[in-house]
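Have a look at the structure below before the remarks.
Every number in this text was worked out from the coordinates using simple rules, so none of it is lab data. Quick caveat, the model's predicted, so the values are computed rather than measured. FYI the Cβ positions are ideal-geometry reconstructions off the backbone, even for glycines, and counts take in every protein chain you see.
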Amino acid sequence: MILGSAARALRDLFSPPFRAALWKSLGLTAVVLVALWFAVRWLFEVVAIPFFAGWAPDMPAWVDNAGTFAGWAAGIALAFLLAFLIAPVSAVIAGLFLDDVAEVVERDDYPGGHAGRAIPLGRSIILSAKFFGVVILGNLLAFALLFVPVVNFGAFFVINGYLLGREYFEFAALRYRSEDEVRALRRRYGITIFLAGLLLAAFLAVPILNLLTPLFAAALMVHLHQRVSQREGGLPLPPATQAERIATGAADERTKL
């Protein structure tokens, strides 16, 4: 189930319908990283260097070469932070396009089923903020264990595997189910979702390729949710569609009366 979903997600990732979301996600991620570089450079040039220069007034070269030093320092700092920031930054940016990705997968790979409903903007922002927070906290914990032999390597995969699996599966399932139904489904298939999350963590660990993690994760979990739903007896109607059908049925009854 997991490997089959991953293979289909990789195929989808480089297919023509995905390219628009792919290039938008990569472009915005690049813009954010460049902005971060300028922000870190500004902090070094305007805040950090004058502060240390105050402690060493006999070294005016610090101030004269502040711009060059700040540029190098910003590059080094951003390179160090990139491994820590890449997951939440790329996830938040790609979150703008995940519904587009899900719609493509559902339409092209499961044409016989009904399409899911896009998550409302407000709810999407809340989910993105929550995901950003849990990934930051999770990676802080992994970073704290960085110097513990053996544990440090496993901590990255276990923490990110759990978080990525949970959050992206919830995204795919929420297009069809209520939050209570998604939590119940996640409990029943917790091991499967965690193993899929470990695959996403391995994807995340590969430099450059990790920029594609959110789109790959979204496609993989859409496929996984579709397969899980088949085991559950079929894909449910999205909550909004159910409400519309109930309302339509009630209107028909009033018309008959």
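Just a few scattered comments:
- At R0 = 25 Å, FRET efficiency that the Cβ-Cβ distance of Y110 and L33 yields, to 0.05: 0.10
- Highest to lowest packing among 167-175, 185-193, scored as the average C-beta count within 10 Å: 167-175, 185-193
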